[in-house]
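Q: So that we are looking at the same thing, I have put the structure below in structure tokens.
The values are calculated or read from the model by the stated rules, or taken from the named source; none is laboratory data. Computed from a prediction, not measured in an experiment: that's the story for all the values here. Counting neighbours? That spans all protein chains shown, and the Cβs are built from the backbone with ideal geometry, glycine included.
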Amino acid sequence: MARAIWNGVLTFGLVSVPVQLFTATEDHRVHFRQFQRGTSNRIRYRRVNEATGREVDYNDIVKGYDLGGGDYVIVEPEELDEIAPGKSRMIDIRGFVDLDQVEPVYFDRTYYLAPNGEEYTKVYELLRTALYEANKAGIATFVMRRKQHLVALRAQEDVLVLHTLHWADEVRDPHQELPVLPEHTETRGQELDTARQLIDALSTDWHPEDYHDTYSERVHELIDAKAKGQQIISEAGPPEATNVIDLMQALKRSVENARQARPQSRGGDKTPSVPAAGKEARKARTDAGSDDRDDLVRMSKHELYQRARERNIAGRSKMNRGQLIDALAKTESIAAAS
């Protein structure tokens, strides 16, 4: 059973519920100790006074802020505690946003929130259901481990999930940091259509258990092989960059390969089929009974999502491209008939 790392109160307006915070992820990387090459001698790190060469006790260490030119401002740990952002035990939701509006670059760590006792499960479930059906994320701040965090709270089917977010001034501007970025020009034509076909052909439902850390597996294989005195074969290098002249041909071959792969369905049906989103997108094309649906099929997922947002279609943030097409076609068909 996991141990709570924080206890407090979650509030929505005047409604509040005591909650506990639990870590939602775990690290499964392979961890090594350090040795001097050619020996069995461990490498250890110590806190050493660079002037005397003597090790310093942890309680005798203070923090220093570099002013430049060899000057420092010395700060005691107690002084940092005194100005910490309160000992707040409250996550106060101040507003709600569409989760899709929060760019992934802002997300830091993920935690689970649980009711802090059986007597609070009803209120907890009420808040979770309301947030889930609204398809929104609650934005708040709270204090944990002497640090104030900006957070986004969202609902999964069974639990409330809290994501710590980076502050705006912690996220770098790609236009200032990256040496090369393409200009935003009108991209249309056969190459774009074929690229969309490739995305459709490779689209599938999200099943995280289908993916695993192959690098860690290779590290374990390397360790086992070396322990047995064996050798392990190196992986092949990355492919060469696609030449712009060969781009169209590479796209077409990719579409053909994806369609020929035809993975089997997860439910035990052995009949070969294309991924779910690919089937939906193809169905959207073949069943198109109006110009409106044809227009939807030609739109990008971003454009489809924006229209779904204008139509206030529930659950749009979780839909793939094919599902957005179906939902929009149904909504616009009903609107046209009324």
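Q: Say we look at the stretch 42-53 and pick out the residues that are surrounded by 10 or more Cβ atoms within 10 Å (Cβ to Cβ) and part of a loop (DSSP other than H, G, I, E, B); which of these is nearest to the chain's Cα centre (by Cα)?
A: Arg47
Q: Condition first: part of a loop (DSSP other than H, G, I, E, B), touching a Lys or Arg at 6+ places or on another chain (Cβ under 8 Å) and surrounded by 14 or more Cβ atoms within 10 Å (Cβ to Cβ). Now tell me which residues in the stretch 291-315 satisfy that.
A: Met299
Q: Could I ask something else about it? Looking at the stretch 162-215 only, could you name the residues that are modelled with pLDDT under 80, hydrophobic (A, V, I, L, M, F, W, C) and surrounded by 10 or more Cβ atoms within 10 Å (Cβ to Cβ)?
A: The one that is modelled with pLDDT under 80, hydrophobic (A, V, I, L, M, F, W, C) and surrounded by 10 or more Cβ atoms within 10 Å (Cβ to Cβ): Leu202.
Q: Checking Val274 against (1) at pLDDT below 70; (2) touching a helix residue (DSSP H, G or I) at 6+ places or on another chain (Cβ under 9 Å); (3) not in a loop (DSSP other than H, G, I, E, B): exactly one of these is not met. Which one?
A: The one condition Val274 does not meet is (3).
Q: What's the total number of residues in the stretch 156-215 that are in a helix (DSSP H, G or I) and touching a Ser or Thr at 6+ places or on another chain (Cβ under 6 Å)?
A: Result for the stretch 156-215: 1.
Q: Next question. Return the pair list, or none, for Cβ contacts closer than 7 Å from residues in the stretch 77-98 that are in the same structural domain as Asn135 (by TED's automatic domain parsing) and surrounded by 10 or more Cβ atoms within 10 Å (Cβ to Cβ) to residues that are small (Gly, Ala, Ser) and modelled with pLDDT under 75, at least 6 apart or on different chains.
A: From the stretch 77-98, the pairs are Asp98/Ser317.
Q: Tell me, yes or no, whether the stretch 101-118 has at least one residue that is in contact with a helix residue (DSSP H, G or I) (Cβ under 7 Å, 6 or more places away or on another chain), of a type in the set (D, E, K, R) and surrounded by 13 or more Cβ atoms within 10 Å (Cβ to Cβ).
A: The answer is no, given that none of the residues of the stretch 101-118 is in contact with a helix residue (DSSP H, G or I) (Cβ under 7 Å, 6 or more places away or on another chain), of a type in the set (D, E, K, R) and surrounded by 13 or more Cβ atoms within 10 Å (Cβ to Cβ).
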